[in-house]
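Quick notes on the structure that follows.
The values are calculated or read from the model by the stated rules, or taken from the named source; none is laboratory data. Because the structure is a prediction, the values reported are computed rather than measured. Here the Cβ is made from the backbone with ideal geometry for all residues, glycine too, and neighbour counts use every protein chain on show. Heavy atoms of the whole protein, side chains included, go into the accessibility calculation; ligands, DNA and RNA do not. Shrake-Rupley method; radii C 1.70, N 1.55, O 1.52, S 1.80 Å.
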Amino acid sequence: MKMRFLLPLFLVSLSFAIPSCDDSSSSSKKEVCDNQADDDGDTYIDCDDQDCWSDAACQQNNVNNTNNTNNTNNTNNTNNQNPETCDNQADDDRDGFADCNDADCVEDPACEGREICNNETDDDEDGFTDCEDQDCFEHQSCNYSPEVCNDGVDNDGDGLVDCNDFMDCMDYQDCLQGEICDNRTDDDNDGLVDCEDDDCFGFPGCELMPEVCDNQTDDDGDGLVDCEDDDCVDFPGCTTMGCDPLSQTGCVSPDACYVDAQTPEGYCAPAGTTATGSRCTAMTDCIPGDACVGPQNNRVCRLLCLLGDGSNCPQGTTCQTSPTLASTTYGVCR
């Protein structure tokens, strides 16, 4: 009786131990690598599934190839690629950039009409080029590392290193002690202001053209114009010595050479317009080649001449000394 009772129970339990041969279970299905479906039910689709990493459908469109070092589930991952699909809002190749923000997609039809972010062209004609275009703010070509302000390296690739990268490092403590390059103040007390200070080498605004010394313009933006700027100290038109008030050489128009009342040297100054014989108050009131001489409040412009020569004086006049000039070199024709 007992054996007949136990045999059915043994047969029932044995039936649970025998594996099923039903091929319809998801574990037996193979992933199809180009149908955008999770065929094998493992939650990974197409080229995201490691079953497809060596499939021909997954060997295109991955110039970055960074996923080759990230697919840790595949022991042979150095020979496999996982391409970027350019219109699925996913980072398929796991390089940190999705769809049209991935450099792999620059020629993909899905990204046609967008700004190409590394060709120095305004492709979408919106007035902004490459990384200046908002289409490129998240693009791989415009994703720079932040500047580390004390490592001697140009981390963000903008050509400026550490404290010279003023936009990124302006608040970094070690960069606060140097020259502030656009406030017309000698912040570090080394006698040099703004762009004159070597601390400002590479600062935007200190890369402008040098001062042009005869155009009445502050070309280098340091607040000093033409000969007022130390950049012009050796410019011929800015020298306080070396010009000739008789031959009018050594100065650059609109400047002219005038005689210094106390020394025999000439100096350059804007040319005056008061004619010979007319009243004047300053030496530079007179036309070039003249000097303003005579008693106080009664000075006139007279033709300048060389004492002991006078060959340039009009007929009937000679070259005479003038107390106003106090010079043993120059006189005026009287």
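With a 1.4 Å probe and every protein chain left in place, tell me how much accessible area residue 186 has, in Å² to the nearest 10.
40
If r is the Cβ-Cβ distance from residue 121 to residue 216 and R0 is 51 Å, what FRET efficiency results, to the nearest 0.05?
Working: r = 38 Å, r/R0 = 0.75.
Approximately 0.85, to the nearest 0.05.
Take the Cα atoms of the range 183-334, find their three principal axes, and give me the spread along each one in whole Å, biggest first.
Each principal axis gives a Cα extent; for the range 183-334 these are 64, 26, 24 Å.
Only bridges whose two residues both fall in the range 185-334 count here: according to DSSP, what percent of them are antiparallel, nearest 5?
Values: 16 of 17 bridges.
Bridges in the range 185-334 are about 95 percent antiparallel.
Quick one: which residues, 5+ away or cross-chain, put their amide H under 5 Å from the amide H of residue 299? H built at 1.01 Å from N.
280
Measure of size requested: the Rg and Dmax of the range 103-225, with Cα atoms as the atom set and Å as the unit; please supply both.
19.1, 59
Taking the Cα-to-Cβ direction at residue 174 and at residue 198 and moving 7 Å from each Cα, how far apart do the two end points lie in nm?
With each label placed 7 Å out from Cα toward Cβ, I get 1.8 nm.
Using 0.36 nm times the number of residues separating residue 320 and residue 151, minus their current alpha carbon distance, what extension gain do you get?
Working: separation 169, 0.36 × 169 = 60.84 nm, distance 7.15 nm.
Length gained, residue 320 through residue 151: 53.7 nm.
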